[in-house]
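Below: one structure, written as C-alpha cells.
All of the numbers you see were taken from the coordinates with simple rules; none came from a lab. Model, not experiment: these values are computed from the prediction. Because the Cβ atoms are built from the backbone with ideal geometry, glycine has one as well, and the counts that use them run over all protein chains shown.
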Amino acid sequence: MLPTEVTTAELARLLGVSRRNFPGLAERKSIVPGSRKGTYALEPSISGYAKHPRRLAQGRHGTGETLSTAEVEALWRGKLRAFPQSHLDARPS
C-alpha cells in the first residue's frame, strides 16, 4: 500500500524532477503540500503533475494534444512500479 504523503525528495524522484522545480509547481497547484512541512500529498500531486504538461500546451498553443486516460494510467503505473518500496518504507515518522 502506498503512503498518502511523501517527502519532497521522494516526490521529486518519483516525478523525475529536481526539487528546485517545486516552488513553481506548488504555485501552479501542480503538486499539493502535505499535512507536515516538507511533505506532499502523493495522489493529488501525481494527478496534478500529470495534468501540468497539458495545461502548458494549452497555454502556449490554445489547444493541446492530450493523452488518453489509459495512456496516462499506464505511464504512472510504470513509474510507481519502478519506485522502490524501500524508499517509501524508510521515511522518518
Practice item. Give a residue-ordered list of calculated ³J(HN,Hα) values for region 22-36 (Karplus: 6.51 cos²θ - 1.76 cosθ + 1.60, θ = phi - 60°; whole Hz; x for Gly, Pro). Key: 4, x, x, 5, 5, 4, 8, 6, 7, 10, 10, x, x, 7, 10
Review point. For Val32, which sequence-distant residues (separation of 5 or more, or a different chain) have an amide H within less than 5 Å of its own amide H, given hydrogens modelled in the peptide plane?
Key: Ala41, Ser45
Point to revise | Theoretical gain in end-to-end length, Phe83 to Glu27 [0.36 nm per residue, Cα-Cα removed] | key: 17.6 nm
Check your understanding: Sorting Phe83, Phe22 on the 10 Å Cβ count, fewest up front, what's the list?
Key -> Phe83, Phe22
Point to revise | Table column - 3J(HN,Hα) (Hz), region 7-12, Karplus curve with 6.51, -1.76, 1.60, x for Gly and Pro | key: 6, 4, 4, 5, 5, 4
